[in-house]
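Notes to accompany the following structure.
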Amino acid sequence: MPVFCPSEPLLDAFSYELFFMIYDVVIIGAGAAGLMCAAQAGYTGKRVLVLDHANKAGKKILMSGGGRCNFTNLGTTPQHFYSSNPYFCISALKRYRPEHFVELVERHGVEYVEKHRDSYFVRHPPKKLSAHYSPNVSGLGLK
């Protein structure tokens, strides 16, 4: 059984905060969907913790589009998805269209370019994009 000794803390400061902090929302996965959920919860004032096995949040997002960060495609339709519930993607796409995501990117001041067939890519290298979002995420109270 571990024994707590004040001179030899069991947990470092970060682990201590994770262990004892109370969060409103805990999201497992720091990919595109997890980060989007975390941001939306953060906008409403929730205390959010995002957990992931990767060493960097959004790592696969930055690699999409051959490392050029392809963030959406306006040609997305329900026919592009396979699911045991064929109506799920219809409902999801009606509620949050690719155009909505383009608006979000514009609100954050991220420059982008349109490539072939309505595919959108970040104009600047992905490292600059992640540097841009780090302060924005911390401003939302996300951990």
Subtracting the Cα-Cα distance of Lys94 and Thr76 from 0.36 nm times their residue separation yields 5.4 nm
At R0 = 22 Å, how high is the FRET efficiency between Ala33 and Lys59 if r is their beta carbon distance? Nearest 0.05 is fine. 0.95
Show the residues, 5+ positions off or on another chain, whose built amide H is closer than 5 Å to the amide H of Thr72. Tyr120
In order through region 78-84: 3J(HN,Hα) via Karplus (6.51 cos²θ - 1.76 cosθ + 1.60), integer Hz, x for Gly, Pro: x, 5, 7, 10, 10, 7, 5
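No lab work stands behind these numbers, since they all come straight from the coordinates. Since the model is a prediction, treat every value here as computed from it, not as a measurement. So basically every Cβ, Gly included, is an ideal-geometry build from the backbone, and we count neighbours across all protein chains shown.
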